[in-house]
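The values are calculated or read from the model by the stated rules, or taken from the named source; none is laboratory data. Please read these numbers as outputs of a predicted model, since none were measured by experiment. In this analysis, Cβ positions are derived from the backbone assuming ideal geometry, glycine residues included, and neighbour counts consider all displayed protein chains. Please note that ligands, DNA and RNA were not included when accessible areas were found on the heavy atoms of the full protein model with its side chains. Shrake-Rupley method; radii C 1.70, N 1.55, O 1.52, S 1.80 Å.
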2 protein chains.
Amino acid sequence: MWPFKAMYTGSVKFSEGIEWAIHCVAVLAGLPEGATLSNAALAEYHGISESYLVKHLKVLARVGILDSVPGPRGGFRLERSADRITLYDIVEAIEGKEPMFQCEEIRGRFPGCPQQNFARPCEIHAAMLKAEMEWRKSLQGVTIRDIQQQVRVSEEQRQLREAWLQKHVRLPVR
Amino acid sequence: MWPFKAMYTGSVKFSEGIEWAIHCVAVLAGLPEGATLSNAALAEYHGISESYLVKHLKVLARVGILDSVPGPRGGFRLERSADRITLYDIVEAIEGKEPMFQCEEIRGRFPGCPQQNFARPCEIHAAMLKAEMEWRKSLQGVTIRDIQQQVRVSEEQRQLREAWLQKHVRLPVR
């Protein structure tokens, strides 16, 4: 029997949760100090399913990117400053730390091969991991603060967003 | 109804076909001029299913990385020189050209948003694509010739491979 697992074809894609999570963190970064938005508000703002979104928000809270505030005035807010949250932090929270390229060490499978005889890691594996490192480094170099500062919207957009946020934001009790 | 697609969780992974394809191209790069290996031989050498592997080999032939030689002495060989085949060429052949991050433009979904009002691409989208570009650039910088030159195997391994290849290689008719 061949040592293979089920193959899938087609191109590799990130979960939509990544786009949702980054946008939610970016919106929360624009709230007043201590203020929160509920799951429902974040889902409505982004036009996505609340039940799917909340799973991702909980993951972001678990890894210390978001703070989940309980109670009737509760919701989510940033756990740490937007300049200390990189895009990679969010991607890693949602997708995990495992490399995209999984080496099965097939170089050692040929008939009669004494597998233990490899002195060095597989060169193909090493090159694939190096490329992922470049991808990771690029995402680690962009913070949510950077994104906030780059965003340009029209005055009409700004006013619409502002009005929506004022209706939904939950300010902390003083 | 919410505009969402089925979500999947867990980390994003490349198809095993990528590892298979790169290793096959690297082995073929070591053959004498014009010589081929059959699907069956390449599958046996790497301990993988021939029927799954052949799909990938055909894709590599379709994009001009491999040459598929018909007939009883036929099989696969490189279509072009190993220093003109990068790891990215192979990854793109197997996984396609589509970016891993798919932007659904959720920035424009909030209630009442005039979506056409965005003057610039989404900043989050742009940062995610830039990271993929770094990954791509890294893989474009490594050729199959580079991999060949990096590989170090023990004398025992070398002899085993040599013996196996001599039994399976199909030399061109003179």
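Descriptive notes on the structure:
- Tabulated pairs, the range A:70-82, first over 15 Å from A:Gly30 (Cβ atoms), second among the charged types (D, E, K, R) and open to solvent by 50 Å² or more (accessible area, probe 1.4 Å), C-beta under 7 angstrom, 6+ apart or interchain: A:Arg73/A:Arg170
- B:Val173 free of Cβ contacts under 8 Å to residues at least 12 places away in the same chain, open to solvent by 40 Å² or more (accessible area, probe 1.4 Å) and farther than 24 Å from A:Ile18 by Cα: no
- Subset of the range B:64-83 that is at pLDDT below 95, at negative phi and open to solvent by 20 Å² or more (accessible area, probe 1.4 Å) - its residue that is nearest to the chain's Cα centre (by Cα): B:Pro70
- Matching residues, the range A:120-167, being hydroxyl-bearing (Ser, Thr, Tyr) and surrounded by 18 or more Cβ atoms within 10 Å (Cβ to Cβ): A:Ser138, A:Thr143
- Residue in the range B:106-119 that is modelled with the lowest pLDDT, counting only those that are at the interface with another protein chain (Cβ under 7 Å from one of its Cβ atoms) and surrounded by 11 or more Cβ atoms within 10 Å (Cβ to Cβ): B:Asn117
- Checking each residue in the range A:13-49 for being in contact (Cβ under 8 Å) with a residue 24 or more places away in the chain and among the polar types (S, T, N, Q) picks out A:Ser15, A:Thr36, A:Ser38, A:Asn39.
- Helices (runs of 4 or more DSSP H) lying entirely in the range B:1-107 (those with 2 or more residues that are under 18 Å from A:Met128 (Cα atoms)): B:16-29, B:87-95
- Tally of residues being facing another protein chain (nearest Cβ under 7 Å) and not polar (S, T, N, Q) across the range B:142-160: 6
- Of all residues in the range B:11-26 being touching a Lys or Arg at 6+ places or on another chain (Cβ under 9 Å) and of a type outside the set (Gly, Ala, Ser), the one that is most open to solvent (accessible area, probe 1.4 Å): B:Glu16
- The listed residues are B:Tyr88, B:Tyr45, B:Tyr52, and the only one of them that is open to solvent by 30 Å² or more (accessible area, probe 1.4 Å) and either within 13 Å of chain A (Cβ to nearest Cβ) or on the phi < 0 side of the Ramachandran plot (or both) turns out to be B:Tyr52.
- Residue within the range A:68-84 that is within 14 Å of chain B (Cβ to nearest Cβ) and among the basic types (Lys, Arg) present: no
- Residues within the range B:48-107 that are more than 25 Å from A:Glu105 (Cβ to Cβ) and hydrophobic (A, V, I, L, M, F, W, C), tallied: 6
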